[in-house]
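One structure below.
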Amino acid sequence: MLEREGALAFWLLAPTLALLTLFIAYPFVRGVWLSVTNSVVGVPGDFVGMKNFTKIFDDSIFRTAALNTFIYTAVTTVFKLALGLWLALLLNRSFRGKSWVRAFILLPFIIPTVLSTLAWKWMFDPTFSVFNWLFWKLSIINSRINWLGDPELAMSSVMIVNVWRGVPFYAISLLAGLQTINPDLHEAAAIDGANRFQRFWHVTWPLLLPVTMVVVLFSIIQTFADFQLVYVLTGGGPANATHLFATYAYQIGIGTGLLSEGAAISLAMFPALLLVVVFQLWYIRRVENR
Amino acid sequence: MIEGARWKKWLWFYLPMGLFILGLLFPFYWMLVTTVRPDGEMYRPWNHPLYSPFWTTHPTFDHIKNLLYETLFNRWMWNTMFIAMVATLISLFCGVIAGYALARLRFKWAGFLGTGIFVTYLVPQTLLFIPLADIIREYHIGDTPWALILTYPTFLIPFCTWLMMGYFKAIPKELEECARIDGAARWQAMVYIIFPIAVPGILSAGIFAFTLSWNEFIYALVFLSSPEQKTVPVGVVSELIRGDVFFWGPLMAGALIGSVPVAIVYSFFVEHYVAGMTGSVKG
């Protein structure tokens with residue numbers, strides 16, 4: 001029986017499909033249902049239509065969280081791409097100890113995020129901050145910088161940590177892309193008189209674009225849905241200045257037990273995520289068909 | 001590379017490279033120094049004349065002892081290890097066979113299912129954690145390791161499947177066809193011929209899945225509640241911080257030691273890890 005490809009394929013895919021249906025598809029449907037009821041923890045609740053959504057859109061903290069999420073994603077993505085690409089180009093040259101450098105550089109990405117973020121929280125401590133000490137010694141500041149406690153500054157501090165964690169991922173992924181580019185192309189361009197910048201812009205960049213796109217889109221999704229950094233560094237504070245969709249959904253849905261409202265806040269991420277995924281699928285198909 | 005003047009190389013290569021390395025690794029050094037720094041020295045304000053950031057004159061193991069003997073840290077390590085291993089094994093099993101089916105077999109819906117699995121790979125945990133918490137409660141697996149062992153595969157399987165598909169596609173079809181001409185059944189060819197060749201891919205997927213499980217935070221935070229059930233990331237954050245009081249010594253010791261298993265696995269299999277990571281984004 002297993003000689004028939006259809007039957008074999010069915011059995012091979014069955015466990016995967018079962019798990020994904022049970023813990024992705026079903027929760028998604030369930031989440032949509034939750035968001036149109038008035039459930040709280042332990043109480044199923046009744047259908048209330050779009051009430052939760054109209055409520056959150058009137059909520060100024062939600063609007064701040066939404067705006068924060070978009071700014072957070074946009075700003076960190078630009079920095080991660082720029083720095084990651086720069087680092088990838090540096091790593092693509094041959095030098096002594098290259099494999100060591102490459103291995104160590106990836107540490108921020110592989111060490112559990114929450115744990116390394118704790119180290120950042122300690123470095124950002126208002127009283128004991130090593131950065132304050134450094135800037136003070138360099139005569140840049142006289143009074144302390146309150147990295148995470150100042151509502152104006154807290155978001156930037158969180159962004160710094162996100163960029164720190166993301167740069168190695170960009171760099172190593174882009175490096176893998178760079179290594180597939182045939183060096184002969186560069187040589188040919190150099191012989192034709194192209195300078196360093198021209199060679200990058202007309203040879204490297206176009207060939208690297210497919211990898212770059214996939215890395216960027218993947219990273220946008222992760223950053224947009226980020227939770228851990230904000231949860232550990234500020235918990236959404238000070239004065240709700242650093243909430244993202246996910247942290248605010250957690251605070252409302254789990255913290256205060258308003259399941260329906262929390263589910264609605266989470267689902268508010270969905271349209272933007274869907275757009276990125278659709279774009280990514282379209283882009284991959286286009287590259288494959290070329 | 002075209003050689004320029006020596007100072008140019010310093011300016012455009014060594015200097016930026018050095019800054020990158022310093023910036024990326026400094027937090028880990030800081031973790032290490034804090035772990036062995038006595039409390040009296042640690043709690044000196046930034047503008048204290050004796051603030052000595054980069055070394056400590058009286059290293060101590062007090063924080064590590066405190067962490068190991070007076071908290072549930074050991075328990076959290078075992079919990080995390082168990083959950084990460086089982087979730088990884090389940091995901092590898094599912095991902096390898098599903099990847100084979102999608103890469104090699106011709107059947108209706110193959111393209112559709114492949115895309116479907118890829119899309120679930122992109123679903124972030126934060127989108128579904130609230131309804132999932134509800135479901136976990138309903139199945140009565142809340143506050144047990146099974147809450148995580150069964151949900152972690154949702155983000156591990158799609159990745160394993162995707163990575164394995166790439167590997168299987170690269171193995172020439174002729175190998176399988178030879179085995180089948182010699183009388184092997186389809187599944188025999190798969191298990192005895194193709195899977196052994198795919199071992200490097202399986203290893204990459206496994207290592208990456210293990211580190212992802214070790215790293216996972218929000219599901220563990222939401223689905224587990226009693227201190228002795230927690231995983232390392234959640235335990236360190238929720239049990240070592242009491243209200244507004246941060247015990248930075250044990251906290252940094254926990255962060256450091258909690259990272260060790262991942263760092264060990266990583267150090268042994270850097271190449272596989274990088275292959276897994278870059279494979280996962282290249283598709």
task: Determine, yes or no, whether A:Thr180 is within 10 Å of chain B (Cβ to nearest Cβ), of a type in the set (S, T, N, Q) and farther than 21 Å from B:Tyr121 by Cα.
output: yes
- prompt: Among A:Ala119, A:Ala88, which is the only one that is within 25 Å of the chain's Cα centre (by Cα), more than 7 Å from chain B (Cβ to nearest Cβ) and crowded, with 20+ Cβ neighbours inside 10 Å?
  reply: A:Ala88
- prompt: Is there any pair linking a residue in segment A:197-225 that is closer than 30 Å to A:Thr247 by Cβ to one that is buried (at least 20 other Cβ atoms within 10 Å of the Cβ) and aromatic (Phe, Trp, Tyr), with Cβ under 8 Å and at least six apart or on different chains, and which?
  reply: A:Val215/A:Phe169; A:Val215/A:Tyr170; A:Ser219/A:Phe169; A:Ser219/A:Tyr170; A:Thr223/A:Tyr72; A:Phe224/A:Phe245; A:Ala225/A:Phe245
Checking B:Arg180 against (1) in contact (Cβ under 8 Å) with a residue 40 or more places away in the chain; (2) of a type in the set (Lys, Arg); (3) farther than 27 Å from B:Phe112 by Cα, the condition it does not meet: (1)
task: Return the pairs, sorted by first residue and then second, in which the second residue is exposed (fewer than 11 other Cβ atoms within 10 Å of the Cβ), the first residue lies in segment A:92-111 and is among the acidic types (Asp, Glu), the beta carbons are less than 6 Å apart, and the residues are 6+ apart or on different chains.
output: none
message: Given the criteria under 12 Å from A:Glu261 (Cβ atoms) and either of a type in the set (A, V, I, L, M) or within 11 Å of chain B (Cβ to nearest Cβ) (or both), does A:Ile24 qualify?
response: no
task: Look at A:Phe57 and say whether it is under 30 Å from A:Pro238 (Cβ atoms) and touching a residue at least 60 places away in the same chain (Cβ under 8 Å).
output: no
statement: Checked segment B:164-206 for anything outside any helix (DSSP H, G or I) and within 26 Å of B:Ile117 (Cα to Cα); matches are B:Ile171, B:Pro172, B:Ala198
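Return yes or no: is B:Gly276 surrounded by 21 or more Cβ atoms within 10 Å (Cβ to Cβ), within 9 Å of chain A (Cβ to nearest Cβ) and within 19 Å of the chain's Cα centre (by Cα)? Show your work before the answer.
On the way: surrounded by 21 or more Cβ atoms within 10 Å (Cβ to Cβ): yes; within 9 Å of chain A (Cβ to nearest Cβ): no; within 19 Å of the chain's Cα centre (by Cα): yes.
No; evaluated as a whole, the condition is false for this residue.
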message: Among the listed residues B:Leu32, B:Leu25, identify the single one that is at the interface with chain A (Cβ under 10 Å from one of its Cβ atoms) and either among the acidic types (Asp, Glu) or touching a residue at least 40 places away in the same chain (Cβ under 8 Å) (or both).
response: B:Leu32
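FYI, it's all coordinate maths here, none of it is from the lab. Computed from a prediction, not measured in an experiment: that's the story for all the values here. Neighbour counts are summed over all protein chains in view; Cβ atoms, including those assigned to glycine, are modelled from backbone coordinates with ideal geometry.
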